[in-house]
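S.K.: Please find one structure pasted underneath; my questions will follow.
Readers should treat all values here as calculations from the given coordinates under stated rules, not as data from a laboratory. Values in this document were obtained by computation on a predicted structure and should not be read as measured data. Neighbour counts are summed over all protein chains in view; Cβ atoms, including those assigned to glycine, are modelled from backbone coordinates with ideal geometry.
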């Protein structure tokens, strides 16, 4: 038995982000995986000391570019709770719409990277082609492609015109059709099944004990989605979490496909019910936030938690960000032992690691 | 596999999704937050943009009436545009082109009186602005 | 004598030039299949030129020696092909080159390079027997290992050896490092082993392995051309169709692992070759 | 906070956490805040059926806190992170990164403490890189952290 130690990452072409795993192999089979963080740690939580609570919106958006909208959404919700600001219903709906747009693009991005992790380059390009349409939607409605910067304490900064809504709906039809087509292409492919079915199995029990969140938990049969807590406008939109029970890489990609399609539906329903009115509440008291609170939202990668502590000053006392990947690393460590080296990228990517999120 | 074959072969005949970028540029959407410009004639040097900017890329000298801006530190969030009381800041729909040298923009304006009505009157009287754009390249 | 010299020169020049062009066409075709515009036709030459002018960083002197051996072996194999030499000899010279590449990878200390080398050995193990069987098929049909007599054969060999042609297709996929067999290394280095076998080759020496790869590609396409040697037109169509199929297969499959490769290539490949050989023997 | 917060003492912590585990709670995360030069506030967030439950532990910087990672393996990275950022020592960690999960050996300050903890051991023997809380010196503001760069 030959033992090899492979430094997997932080710079590795198959990894979209720099996670560092020390893999101990015995004949191409992983026996132990130890993570090491800190490669892209930027100290964003600590920035709350020098940026005031308005400026922090732009800072938290940069915790994770791919789900910037949802980070800012969560942050604004927390501050609004501390300052007792009532957000107008139209703004609530618009936040949901943009969050779901972000969810679709994040899932498409992931599906592409996932295809690339088992060497299916052409499929990767197909996913990213569809994603480009979502980026266009984001760019035309919010003003930016990725870091959308539409949230503000008390509402949103942009509104949707009737013309934009019509255009958005036609674009969404195209996106939905394309996703459906690629879903059958990918999920029925012999070689894809060969590479993903039964790889990196996580049982429901393990997922719960190790604190898995998001598609990793839902792929293992846990019906756990923070959107069920009906924050923002989710309470008024009929919503049901997507659950698969197999707990392998195949199930996790299936969850993401179905969620992307469910998000398209959610956007349609939200546009349909979009109430008229203001998009930005007048913040009456200029008193900075005071007190402490915890806010949770559902990111494409899973549950995101923010802890706020303010003492009535311009800067928050403490802002803690727990990103979903941080919660999903322990399940990853449980999945890796026993898989072959050739499956390590597939299993690692199946949790959708966002390391710059994790290390903040 | 066969579905993929179909997909791949269709891609051979339909229009390509990529374009030869610097030679062929897509038309921008109307509300895109691109390059930040300051109409220095209207600027009242209040400093709100400096205070609210999350990346601290703007420095305003209220006494000397100088507006300094570092486009490479800017994150193009548009917060300054939103809060500008004189509406002198705006964003183009085109993004900043990539360059190989750092650019620092420094604009010299003229101080105006506090009242905005008087400000407008004064503007009518005034001729052309003093040095509307002066990008000074530094290392 | 002059004829020999001209043929040697042809082999040495045609290898890199045709190989680079084929590689450029490959990249454009792949891009089009993925709905991209893709690089210019001459991009592989630009890449290699850039690599050649880079600073040479030597991990291990052995590796440099191995890179030279690899290019020497593959160019000699192609020159022998142009000289219409013995097919078995060509195969073994080519195999020496392939093994030298593995030895070079093993001489470094990188685990990626080592695992890549092991996988490359398994790949050699899976395609070499098939390649020999293809040659045996030629021999059974034409009664000679000499290229001159195979090229002079009166009818296209494809009609008699259709299954062996499919088997050669497997060999070609492995040798061209295309999906699903791009295990030890692949062109865009987007895999778990980074660039696998070639991880520690860099700069000019990486360029040498790339040029040597072009020689090999042309040699394999040359062996493919034996299947329709009666006229130029048929040969060209056969080669273009074969290469198109290779790129297509690359784009419709994901990368598999070596266990699957061994069982599949040996299982299907050996069965197909044996069926074809028995059929030849009977007929 | 909307949900109730149960205060716990370090001695009861493991028992309380184990009780929650038996009840089927999932560990969401730990949040740590510095209160003053001596105290650190650790909040344990748990979730069951979308309802949150919090435990609050007020720890002294100088005393180690029992680790809950033997009960909840998921707490491993979080506790190591707190150990790096606040210098609070956890006892009984499943895998102890010795304060080097985020920080390098030569890092002497615990970045999230305004009342910075100087580590005498770290300076003398960098191999033992754990930030042992020594007596807190006068309030020393650490430098401004690097501005957040855009990253995905």
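S.K.: Suppose R0 equals 41 Å; then what is the FRET efficiency for residue C:268 and residue D:21 from their Cβ-Cβ distance, rounded to the nearest 0.05?
M.R.: Efficiency, rounded to the nearest 0.05: 0.20.
S.K.: How big is the Rg/Rh ratio for segment D:5-102, C-alpha atoms only, Rh by Kirkwood, two decimals?
M.R.: Value, to two decimals: 0.94.
S.K.: Still on this model: Tell me, rounded to the nearest percent, the portion of alpha carbon pairs in segment C:106-147 spaced more than 14 Å apart.
M.R.: Every Cα pair in segment C:106-147 considered, those over 14 Å come to 61 percent.
S.K.: Quick one: which of A:289-298, A:168-177 comes out on top by average Cβ neighbours within 10 Å, and what's the full order, highest first?
M.R.: A:289-298, A:168-177
S.K.: Give me the angle, in degrees from 0 to 90, between the Cα long axis of helix C:111-142 and the longest principal axis of the Cα atoms of chain C, rounded to the nearest 10.
M.R.: Value to nearest ten degrees: 20.
S.K.: Moving on. When the Cα centres of segment A:82-137 and segment A:159-220 are compared, how far apart do they sit, in Å?
M.R.: 11
S.K.: To continue, here is another question. Going 7 Å from the Cα of residue A:197 in the Cα-to-Cβ direction, what parts of segment B:1-29 have a backbone nitrogen less than 20 Å from that spot?
M.R.: In segment B:1-29, the label zone of residue A:197 (backbone N under 20 Å from the point 7 Å along Cα→Cβ) covers B:1-5.
S.K.: Would you mind getting me the FRET efficiency between residue B:5 and residue C:151? Use the beta-carbon distance for r and R0 = 22 Å, nearest 0.05.
M.R.: 0.05
S.K.: Between segment C:110-165 and segment A:284-360, how many Å separate their Cα centres?
M.R.: 55
S.K.: How many nm is it between the label spots at residue C:50 and residue A:167, if each spot is 7 Å from the Cα in line with the beta carbon?
M.R.: So the two model labels end up 3.7 nm from each other.
S.K.: The protein assembly as shown: D in µm²/s via Stokes-Einstein (Kirkwood Rh, Cα pairs, 37 °C, 0.692 mPa s)?
M.R.: The diffusion coefficient I find is 105 µm²/s.
S.K.: State, as an integer percentage, the relative contact order of chain A based on alpha-carbon contacts under 8 Å between residues 6 or more apart.
M.R.: 26
S.K.: Moving on. Got a sec? How would A:12, C:281 order by Cβ neighbour count within 10 Å, fewest to most?
M.R.: Sorted ascending by nearby Cβ count, the order is C:281, A:12.
S.K.: For a quick check, take a GNM of chain A with Cα springs below 10 Å and name the residue from A:191, A:245, A:348 with the largest mean-square fluctuation.
M.R.: In the Gaussian network model the winner is A:191.
S.K.: May I ask for log10 I(q)/I(0) of segment A:113-186 at q = 0.16, 0.21, 0.25 Å⁻¹, from a Debye sum over the Cα atoms as equal point scatterers with solvent left out?
M.R.: The Debye formula, applied to the Cα set alone, gives -0.70, -0.95, -1.11.
S.K.: Which angle from 0 to 90°, rounded to the nearest 10, does the C-alpha axis of helix A:249-273 make with the longest principal axis of chain A?
M.R.: Here the helix axis deviates by roughly 20 degrees.
S.K.: Treating the Cα atoms of chain C as identical point scatterers in vacuum, please give the log10 of the normalised Debye intensity I(q)/I(0) at q = 0.11 Å⁻¹, two decimals.
M.R.: -0.63
S.K.: By how many nm would the segment from residue B:98 to residue B:86 lengthen if fully extended, with 0.36 nm per residue of separation less the alpha-carbon distance?
M.R.: Full extension of this stretch gives 1.3 nm more.
S.K.: Quick one: if the Förster radius is 30 Å, what FRET efficiency do residue C:128 and residue C:4 give, using the C-beta to C-beta distance and rounding to 0.05?
M.R.: FRET efficiency, residue C:128 to residue C:4: 0.55.
S.K.: Can you sort C:108, A:230, A:68 by how many other beta carbons sit within 10 Å, fewest first?
M.R.: In order of increasing Cβ crowding within 10 Å: A:230, C:108, A:68.
S.K.: Here's another thing I want to ask about it. From other protein chains only, count the Cβ atoms within 10 Å of every residue's Cβ in B:7-19, then give the mean.
M.R.: Mean inter-chain Cβ contacts per residue within 10 Å come to 6.
S.K.: Using Cα centres only, tell me the gap between segment C:48-89 and segment B:32-86 in whole Å.
M.R.: So the two Cα centres are separated by 60 Å.
S.K.: Continuing with this model, one more query. Using a ≥ b ≥ c from the Cα gyration tensor of segment A:90-137 (square roots of the eigenvalues), is it rounded, prolate or oblate, where a/c under 1.5 gives rounded and otherwise the larger of a/b and b/c decides, a/b for prolate?
M.R.: prolate
S.K.: Report the per residue volume, in Å³, of the convex hull enclosing the C-alpha atoms of segment C:175-228.
M.R.: It is 75 Å³ per residue.
S.K.: Tell me, A:98, C:232, C:260 in order of fewest to most beta-carbon neighbours within 10 Å?
M.R.: Neighbour counts put them in this order, fewest first: C:232, C:260, A:98.
S.K.: Okay, next question. At q = 0.15, 0.24 Å⁻¹, what base-10 log of I(q)/I(0) does the Debye formula yield for segment A:157-198 when every alpha carbon is treated as an equal point scatterer in vacuo?
M.R.: One equal scatterer on each Cα of segment A:157-198 leads to -0.55, -0.80.
S.K.: Could you compute how fast segment A:53-161 diffuses translationally, taking Rh as the Kirkwood radius over C-alpha pairs and applying Stokes-Einstein at 37 °C with viscosity 0.692 mPa s? Give it in µm² per second.
M.R.: Here the translational diffusion coefficient equals 225 µm²/s.
S.K.: Using the basic label-point model (7 angstrom from Cα toward the beta carbon), what is the residue B:70 to residue B:14 distance in nanometres?
M.R.: Between residue B:70 and residue B:14, the label points sit 4.6 nm apart.
S.K.: Next up: Need one number for chain A: average projected area of the convex hull over its C-alpha atoms, nm².
M.R.: 17.1
S.K.: PRE reach from residue C:230 (point 7 Å along Cα→Cβ): which of segment C:158-185 fall under 13 Å by backbone N?
M.R.: Residues C:158-161 qualify, since their backbone N sits under 13 Å from the label point.
S.K.: In segment D:48-87, which residues have a backbone nitrogen under 18 Å from the label point lying 7 Å from residue D:12's Cα in the Cα-to-Cβ direction?
M.R.: Zone members listed by number: D:53-60, D:65-68.
S.K.: Another one. With chain A treated as a Gaussian network of Cα nodes joined by springs under 10 Å, which of A:63, A:31, A:216 yields the largest mean-square fluctuation?
M.R.: Residue with maximal mean-square fluctuation among A:63, A:31, A:216: A:31.
S.K.: So, one more: Considering chain A as a Gaussian network with a 10 Å cut-off on Cα pairs, which listed residue, A:252, A:46, A:166, attains the greatest mean-square fluctuation?
M.R.: A:166
S.K.: For helix C:43-52, what angle does its Cα long axis make with the longest principal axis of chain C, in degrees from 0 to 90 and rounded to 10?
M.R.: Roughly 50 degrees, rounded to the nearest 10.
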